Amino acid sequence: MFSKRTLQSLRDVFHRSLLPKIGLICLLLVVVSGIFAPVLAPHDPTAQNSDISNQPPVMVSQDVTEETVELDGLEQEVTQETVTKTGTLAYPLGTDPLGRDILSRIIYGARVSLVVGIVSTLLAFMLGTAFGLTSGYYGGWVDDLFMRLIEVRLSIPGLVLAIAIIGIFGSLPIPVPDPFVSLGITPDMPETTVIPGAITLVIAVFSWDHFARVARGEALSLRSQNYVQAAKASGASSWAIIRRHLYPNALTPVMVLATIRVASAIILESVLSFLGFSGVTLSWGFDIAFGREYMGTAWWVALFPGLAIVVAVIGVNLMGDWLRDALDPDVDAGGAVE
Amino acid sequence: MVSGRYLVKRFVHGILVVWGAITLIFVLRHISPGSPINVMTPPTASPELRERVAEELGLNQPIYVQYLDYLGGVLTGDLGNSYVRGAPVSQLLIDRAPATIELAIAATVIALIIAIPLGVISATNRDEPLDYGASLASLLGISTPNFWLGLMLIMVVSVQIGFFPTSGRGTGFVAAVQLLVFEMDAGGFVTWFQHIILPAITLGTYFMALITRLTRSEMLEELEQEYVQVCRAKGLPEPLVLYKHALRNSMLPVVTVVGLQVGYLIGGSIVVEVVFSWPGVGNLIIDALTNSDWMIIQGYLILVSVSWVTVNFFVDVTYTVLDPTVSLE
């Protein structure tokens, strides 16, 4: 996929600067957590246990006010007591008010972010590149119509339309069986990981235009090149020219764009999960929404999933910077959440 | 400069885009499952009642009649009535819009006044600690989801330190200014500031990071140009070289990005409004989605599309003013 010279340039940039190394570490952390979640997680992320609720992270002591509701006949008796709790190594990042282990939830949450980020970007990449190359190659009214369509799409911000569409059509959660559990390696862990299907599709549909615009620009500048003209004159079909000549040349800038879009997809997913549109109950955004209610006492519940998002997005962004510095295509680096 | 013919062309173009968006919204409504009749009538409603509601809403008309009615309504500013609240959607949106616009402007202002000097400082101190610091800050800004940043600000600044209120709007900007001008009372202004500062920082951080990065890279490019050497050679003071010449030329891409990021501000404001219980349009739309109040969702999408087109129209015009050599014909 990459030429020798490109690989050399990637290596040079990697050795010269500290940032790509940091990025790679961040990204590996997230990818490894996501893939091996059932092996790495110390506890079942969904297991509730009221005996160990609201435990602060290790080395931290915190006064926690707890409410116990007791039924005395028909009377409800609510007692509040303040207890000082100290974190233990068994739950290094603490537990939430339902007694679930935060670290395990974060490790599992990586799965949702990764799958949504990668799948939605791949879909957008295929859709956008195909449209963009075709439009740029043919030019004329096809291109005009196409550009107007993109503008209509741009005039409604992605997040807004995503919320509207998911709000109307539903969130389509897809349970995916966990291979580690089906193979019996970690029988105590949850059997499925739920992926927010609608979010993945919607993010793909609303980031394809970024790919389309870049691919179109490449096609426009390439189609008048001599070798393309020569291929045309020798009777190559349009499809063959697009596939064999335009696509490989457009690939570099599109790849750089793809890394940036993965970062924005991860952020978009967390926003939509936070707002409650994902239909999943185990993801970083969802956990932040849950922790929001307890910020006054159990601050760690909302803090750590957010840090996980920052680490993941920094990792992807630094990878993008690395690719851009090494391959030097003319791509706008901006634009996370539209 | 800006020619009249260009303005007209650009205007017609904008209208076409809005029409496309309005049509898209109509199509969305009609392929969506769930009928508005279910929202407006109890589950036990008789078929006659459902029939009557359908008639009232015009749902039993042929689809093209519904479309034309809808277009006509939009043209006259009639966005229909909310299914749930009963009030006209346009009124609901107008009541809520100032809060959102205020928040978006405050966020943009905060972003610009910090980002542009930071970008310049970063570029002029290239590869020095200041530059690394600014670059690191903007990397963090780009990588932090705004809703989480907002929650952390509430937790640290409002709850722990007790500086600013955790939610709400306090008073509007216009009301605060009126109080200041007519009654010489700055109290309203203080309340306004205390309420808006955290949401505005939350909404503006990503924007700020983006513009810092952009200003830095554009400035670096400009500083290598020959005219900068000439300015320095003829003895112009450095601030003049930087701010009057190099920065001005760096601002073109920044203006474009500000225009394109209006979409981000609109989308982001929904999230920030939810986090800070800000009484703007964003909270209205979330309510409408929970209640399946399609009329509000539709009206909101139209408003958003019109705002986007309008802002980008002005961005294009600004572009020609900033750089007379740009021809947009």
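A short reminder: the numbers here are calculations on the coordinates, not readings from a lab. On a predicted model such as this, the values are computed, not experimentally measured, just so you know. Cβ: placed from backbone, ideal geometry, glycine included. Neighbour counts: every protein chain shown.
Side notes on the structure shown:
- Look at the dipole of chain A built from charges on Cβ: of A:Ala124, A:Thr46, A:Phe169, the Cα furthest out on the positive end belongs to A:Ala124.
- In summary, the lysines within cross-link reach of A:Lys21, defined as a Cα separation below 26 angstrom excluding same-chain residues under 8 places away, comprise A:Lys4.
- Taking every C-alpha pair closer than 8 Å and separated by at least 6 residues, the mean separation divided by the residue count of chain B gives a relative contact order of 27 percent.
- Considering only A:Gly296, A:Val228, A:Phe274, the residue lying farthest towards the positive end of the dipole of chain A is A:Val228, judged by Cα position with unit charges set on Cβ.
- Helix-derived mean residue ellipticity, 222 nm - over chain B, DSSP H n ≥ 4, -39500 (n - 2.57), to 500: -24500 deg cm²/dmol
- Counting only Cβ charges, +1 for Lys and Arg and -1 for Asp and Glu, the dipole size of chain B around its Cα centre is about 200 debye.
- Among the chymotrypsin sites (Phe, Trp or Tyr not before Pro) in segment B:243-329, none is located in a DSSP loop while being surrounded by at most 13 other Cβ atoms within 10 Å of its own Cβ.
- Ascending count of other beta-carbon atoms within 10 Å, so fewest first, for A:Met147, B:Met184: B:Met184, A:Met147
- Estimated 222 nm signal from helices in chain A, with DSSP H stretches of n ≥ 4 weighted -39500 (n - 2.57), rounded to 500: -19500 deg cm²/dmol
- Separation of alpha-carbon centers, segment A:24-83 and segment A:176-191, rounded to whole Å: 22 Å
- Under Stokes-Einstein, with the Kirkwood radius over Cα pairs as Rh, the value for segment A:33-177 at 10 °C and 1.306 mPa s is 79 µm²/s.
- Charge dipole (debye, nearest 20) of segment B:1-117; +1 at Cβ of Lys and Arg, -1 at Cβ of Asp and Glu: 500 debye
- Only Cα pairs under 8 Å and 6+ residues apart enter the sum, and on that basis the relative contact order of chain A stands at 24 percent.
- Between A:Leu98 and A:Phe14, residue separation times 0.36 nm minus the direct Cα-Cα distance comes to 25.9 nm.
- Cα-centre dipole for segment B:60-130 with unit charges at Cβ (Lys and Arg positive, Asp and Glu negative), debye to 20: 100 debye
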